[in-house]
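**Student:** Sending over a structure as structure tokens; questions will come in a sec.
The values are calculated or read from the model by the stated rules, or taken from the named source; none is laboratory data. Not measured: the values here are computed from a predicted model. We place every Cβ from the backbone using ideal geometry, glycine too, and count neighbours over all the protein chains shown. Calculation scope for accessible area: heavy atoms of the full protein, side chains included, ligands and nucleic acids excluded. Shrake-Rupley method; radii C 1.70, N 1.55, O 1.52, S 1.80 Å.
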Amino acid sequence: AFTANYDGNNDVYVLPVAGGVPQRLTQHGYTDRVIDWTPDGKRVLFASTRESTKERFNQFYTIAETGGAAQKLPLAYAEFGSYSPDGKSMALVTRSQSFRNWKRYRGGMKADIHIFHFDTQLSENISAKSEAGDEFPMWYNNYIYLLSDRGTEKRMNLWRYNVSTKTFEQVTHYTDYDVHTPAMGPADIVYEAGG
């Protein structure tokens, strides 16, 4: 699944791994940005401004891999996120600094990661005790991997949050460059590191 602009608008597309012709899944006039797949691999999770007045914020939707109507998730705001392995919860950020041109921001609009539980409709801010921004949550087994500049380097590095012990651990230790746009695969995380 990927976002592309083939017809004048960013929409959700899917393409078989073996190759072929991309299939367009969304047809809305506002931007649709692919986030992830649902845990069962049958629906694509995407962020869209389609129901936010004047394109001010994104919300999450899912759509079947074969197309059809998009279904809105019960979240008022959502930028990036990842389902828990059982699909009952989601780690997400409601605002993001990833498209901004500043770094090391410590103000009130910093990105925080929340764990939202679909059954109770309650959320927990796991970033509340840090003044640094946390971005791009990726849930894998009992860990939520993320980007944060909370380390002594003051650079965006990969960290992981243990869901059981509620503790953070730094994974990468770049001192000159930030880590950008991480993506979780079946057993690895790919990312870009640079200016």
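**Student:** Where in the chain is the longest stretch that carries no trypsin sites (Lys or Arg not before Pro) classed as loop by DSSP and with at most 11 other Cβ atoms within 10 Å?
**Tutor:** 57-99
**Student:** Which three numbers, in whole Å and largest first, are the semi-axes of the equivalent ellipsoid of the chain derived from its Cα gyration tensor as √(5λ)?
**Tutor:** 27, 18, 18
**Student:** Return the loop-located chymotrypsin sites (Phe, Trp or Tyr not before Pro) in segment 39-102 (DSSP other than H, G, I, E, B) with at most 12 other Cβ atoms within 10 Å of their own Cβ; answer none if there are none.
**Tutor:** Loop-located and lightly packed - PHE99, TRP102.
**Student:** So if I place +1 on the C-beta of Lys and Arg and -1 on the C-beta of Asp and Glu, and nothing else carries charge, what would the dipole magnitude of segment 97-158 be about its Cα centre? I want it in debye, nearest 20.
**Tutor:** Here segment 97-158 has a charge dipole of around 420 debye.
**Student:** If I build a Gaussian network model for the chain, linking alpha-carbon pairs within less than 10 angstrom, which residue out of ALA18, ALA78, ALA69 has the largest mean-square fluctuation?
**Tutor:** ALA18
**Student:** Related question: At most 16 other Cβ atoms within 10 Å and a DSSP loop assignment: could you name the chymotrypsin sites (Phe, Trp or Tyr not before Pro) in segment 1-43 that fit?
**Tutor:** Answer by residue number: TYR6, TYR30.
**Student:** Roll a 1.4 Å probe over the protein chains and send me the accessible area per residue for the chain in Å².
**Tutor:** Value returned for the chain: 54 Å² of accessible area per residue.
**Student:** Report, to the nearest whole %, how much of the accessible area of segment 69-169 belongs to carbon and sulfur atoms, 1.4 Å probe, protein only.
**Tutor:** Answer for segment 69-169: carbon and sulfur cover 51 percent of the accessible area.
**Student:** Related question: What's the longest bit of the chain with no exposed GluC sites (Glu not before Pro), using DSSP loop states and at most 14 other Cβ atoms within 10 Å as the test?
**Tutor:** 52-130
**Student:** Let me ask something else about it. Just to be sure I follow the rule: in segment 57-190, considering lysines 8 or more places apart or on different chains, how many pairs have Cα atoms under 24 Å apart?
**Tutor:** 10
**Student:** Can you tell me the dipole magnitude for the chain around its Cα centre, using point charges on the Cβ only (Lys, Arg +1; Asp, Glu -1), in Debye to the nearest 20?
**Tutor:** 460 debye
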